[in-house]
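Scroll down for the structure; my scribbles are underneath it.
The values are calculated or read from the model by the stated rules, or taken from the named source; none is laboratory data. The structure displayed is predicted, hence computed values, not measured ones. Every residue, glycine among them, receives a Cβ derived from its backbone with ideal geometry; neighbour counts consider all protein chains shown. Ligands, DNA and RNA are stripped out before the accessible areas are found, and what is left, the full protein with its side chains, is counted by its heavy atoms. Shrake-Rupley method; radii C 1.70, N 1.55, O 1.52, S 1.80 Å.
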Amino acid sequence: MDNKYDVIVVGAGNGGLVAAATCAKEGFKTLLLEKHNIPGGCATSFRRGRFEFEPSLHELCGVGTDENPDNVITIFNNLGAKVDWRYEQDCLRVILKGKKEGEIEYDVTLKATREGFLDSMEKAVPGCRESVAKLFALADTTNDALASMEGKDVPNILQLLTKYSDFIKCGSHSTEEVMKACGIPQKAQDILNTYWGYLGVPTDDLNGMHYISMVDSYVSSLPAMPYKRSHELSLAFCKVIYENGGDIWYNSEVTDLITEKLEDGSIKVIGVKVGDKELYAKEVISNVIPNNIFNMLGDRAPEKDRKLANARELGMSIFAVYLGMDCPMEDLKVTDYTVFVTTTPNAREQYNRGADGFYIVNCLNKVIPDCTEKGTCSLFFTMPMFDKDFPKDLKVEDYKKWKNDFALKYIKDYEKLMGIDILSHIEEISIATPVTFARYLNTPKGEIYGYQNLGWDNVLLRSVFNNIGLDNSIKGLTYVGGHAQMGDGYSSAYTTGRDNGNKVVKRLKEENK
């Protein structure tokens, strides 16, 4: 059996899939290794009874359409990966519960498209339209600045400081600081900050450029979902890999990296071990979180790289409840695709409280009416969870009761809040906790995004360090995925897979000259 490749990609998550497709399409002999029997990582689905559930995907941002493509659809189209996209016309509905029982501080539905979004904000907070519009102007500047840096190892600093000075300002200040500088009223800020729950970092520490770009990508491109679920995304890339001569091995967990020591004392990755097999490559791309890579390497791991990983804070996980309902959404009186519910408008205060009182409810039937059988629907509850939210003294024998009680608490809360009956219509239920995600994703504490994008470790700084090679000193090894430079989410993982895959392609082409 041939055991030599140009590129070996470890992990068929979103970033790994795009990186493998990128390398294979460029004609390099590529092998993608996945420990599970299916591709996708978080981009997958599972069945309970007659229902198929998405374990993690709420909606994709930055997709766009063939007529007006954004980053995601551009990546898919350039690789030849075809997906049937469906779009939602509302970004989200946010409900802030009052301090008194049954009291609602505000209940706001934010429309998609910039004009629709601004109209919604103005209706909720009269007089805020002009200041909120400044955020979208900053998003345009950010997009132009990022486009000017694309494909360049070192950005043009003079150009960034002069032509794109607002981009630099956003990149060096928190979301709340940027919003205050735009003159956005506090209530409008509170509503705008709702999306922090998708990232797991409160807006007083979350990079302004990062957050504004994310909000704009939901608003301007419309939230999108694949018609045939996350498997449609994953299999589209698998098709590209196979069509371009690449290979994918499932049930093939990488247990170690094969390295050689260079004259300067550094190490180079030259292959991987899968069971008793040794596979060699000129380049290895990892969709595995660096913590786990260093566990494989042991004493071979460079001290600088270990220190950087240890200095970073692991990101959030989630507690998820998947419900298959025995009636259509109309009978449940469910009218929204995405509803955020919170007990405080202050992101820092909510973060400090942890999972208590903050949750998201999705009904996929709103976007894809036939995602369940006729006469049924599905609901998806998500509670962001941090290390402090998981009971430290929880015993194994009490785990099932704890997770069931936790799920019941939020189902009952939503029933009461919306005046609907959920419990008596549940046909199927499945519950996932950080333990579930840790087992499936093999991340230290079940985190789904790798590391938190904190002020000192934000997307802009990570991208600069990635471009000049300061984030990784192990030669022959490249990282992609949610823990890489772009951080959170599906769209970001596709970007790192493309960008870092192209860097590997560039090195291989130079080597072959």
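Observations on the structure shown:
- Residue check, Glu243 open to solvent by 50 Å² or more (accessible area, probe 1.4 Å) and at pLDDT 95 or above: yes
- Pair list, Cβ under 8 Å, 6 or more apart: the stretch 111-122 residue touching a residue at least 12 places away in the same chain (Cβ under 8 Å), other residue among the basic types (Lys, Arg): Phe117/Lys111; Leu118/Arg129; Ser120/Lys111; Met121/Arg129
- Boolean, Arg93 is in a strand (DSSP E or B) and more than 26 Å from Glu349 (Cα to Cα): no
- Among the residues of the stretch 246-268, those that are outside any loop (DSSP other than H, G, I, E, B) and not basic (Lys, Arg) comprise Asp247, Ile248, Trp249, Asp256, Leu257, Ile258, Thr259, Glu260, Ile267.
- With respect to the conditions (1) crowded, with 24+ Cβ neighbours inside 10 Å; (2) hydroxyl-bearing (Ser, Thr, Tyr); (3) part of a helix (DSSP H, G or I); (4) in contact (Cβ under 8 Å) with a residue 60 or more places away in the chain, Thr203 lacks only one, and its number is (3).
- Single unsatisfied condition, Leu379 versus (1) out of contact with any Cys (no Cβ under 6 Å at 6 or more places or on another chain); (2) closer than 30 Å to Leu206 by Cα; (3) touching a residue at least 24 places away in the same chain (Cβ under 8 Å); (4) not hydroxyl-bearing (Ser, Thr, Tyr): (1)
- Among the candidates Leu508, Leu477, Leu470, Leu460, residue that is among the aliphatic types (A, V, I, L, M) and free of Cβ contacts under 8 Å to residues at least 60 places away in the same chain: Leu470
- Top-ranked residue in the stretch 256-270 [being open to solvent by 30 Å² or more (accessible area, probe 1.4 Å) and hydrophobic (A, V, I, L, M, F, W, C); ranked as farthest from the chain's Cα centre (by Cα)]: Leu262
- Residue match in the stretch 213-223 (condition: open to solvent by less than 10 Å² (accessible area, probe 1.4 Å), modelled with pLDDT of 90 or more, in a loop (DSSP other than H, G, I, E, B) and out of contact with any Pro (no Cβ under 8 Å at 6 or more places or on another chain)): yes
- Flag not set for Tyr351, criterion: among the aromatic types (Phe, Trp, Tyr) and open to solvent by 50 Å² or more (accessible area, probe 1.4 Å).
- Unique match (being farther than 30 Å from Ile267 by Cβ and aromatic (Phe, Trp, Tyr)) among Tyr451, Tyr410: Tyr410
- Filtering the stretch 430-448 to residues that are outside any helix (DSSP H, G or I) and either over 16 Å from the mean Cα position of the chain (by Cα) or not aliphatic (A, V, I, L, M) (or both) leaves Ser430, Ile431, Ala432, Thr433, Asn442, Thr443, Pro444, Lys445, Gly446, Glu447.
- Flag for Ala438 being over 29 Å from Pro328 (Cβ atoms) and in contact with a Pro (Cβ under 8 Å, 6 or more places away or on another chain): yes
- Flag for Asp84 being open to solvent by 50 Å² or more (accessible area, probe 1.4 Å), free of Cβ contacts under 8 Å to residues at least 40 places away in the same chain, more than 19 Å from Asp488 (Cβ to Cβ) and not hydroxyl-bearing (Ser, Thr, Tyr): no
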